[in-house]
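> Got a structure for you, questions after.
The values are calculated or read from the model by the stated rules, or taken from the named source; none is laboratory data. Computed from a predicted model, the values in this text were never measured in an experiment. Neighbour counts are summed over all protein chains in view; Cβ atoms, including those assigned to glycine, are modelled from backbone coordinates with ideal geometry. Remember, those area values only see protein heavy atoms, side chains included, never the ligands or the DNA or RNA. Shrake-Rupley method; radii C 1.70, N 1.55, O 1.52, S 1.80 Å.
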Amino acid sequence: MVAVKKISMVDATVKLNYNSIILCYVISSIGMSFLAAIAPKGKWTFFSWHPFLMTIGFYGLMGSAAVTKKLGGYSNTKLHGILSSAGLFCAFGGLYIIYKNKENMGKDHLTTNHALAGIVTVSGCIGAMFAGGVFLHPDFGIDKTNKTIR
């Protein structure tokens, strides 16, 4: 005999709302990142990868990760970590692009408030990723059962 799991109306509504929110994140992050990428010159250039990857990483992937974590549970916690880490790796790609672009143009690095804010933000995300992996990972985290910080 096969066990069938009953899904309540609340569970179905939460799943529908979650899917709708994630779909909005995906569509809007792709659209916004493309517009941000071509806005400076009206066409795609090497620099265009910087705003594209940063928007996809921080808004699309990390935003989806935050919404996923709100659902709670083991698999959602793991998906949260995967999505936010993927967002951070997109940000690394965006940093690499802007670094190479500055090198190619012979310009100095970290001379604007935008650049400094970007470095501080990415550094904070690196710290959060390592802290989440070491302390809060649902399989092997040191504080995985600590309800105060979860």
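> Name the most mobile residue of Ser123, Ser84, Ser33, meaning the one with the largest mean-square fluctuation, in a Gaussian network model of the chain with Cα contacts below 10 Å.
Sorting by GNM fluctuation, first place goes to Ser123.
> In a Gaussian network model over the chain where Cα atoms closer than 10 Å are linked, find which of Val14, Val122, Val67 has the largest mean-square fluctuation.
Val14
> For the chain: lysine pairs with Cα atoms under 21 Å, gap of 8 or more or different chains, count?
Lysine pair count for the chain: 18.
> Over segment 102-150, give the accessible area per residue in Å² for a 1.4 Å probe, as an integer.
Numbers: 3660 Å² over 49 residues.
On a per-residue basis, segment 102-150 sits at 75 Å².
> Let me ask something else about it. Going by average Cβ neighbours within 10 Å, how do the peptides 105-113, 53-61 rank, with the highest at the top?
Values: 105-113: 8.8, 53-61: 22.8.
My ranking of the peptides, most packed first, is 53-61, 105-113.
> Right, next: Averaged across orientations, what area in nm² does the convex hull of the alpha carbons in segment 1-111 project?
If you wrap the Cα atoms of segment 1-111 in a convex hull and average its projections, you get 9.5 nm².
> How much of the accessible area of the chain, probe 1.4 Å, is carbon plus sulfur, in whole percent?
Working: 6990 of 10090 Å².
Summing carbon and sulfur atoms, their accessible area is 69 percent of the total for the chain.
> Give me P(r) over segment 50-143, computed from all C-alpha to C-alpha distances, binned every 5 Å, as integer percentages.
Distribution as computed: 3, 14, 20, 22, 15, 11, 8, 5, 3, 1 percent.
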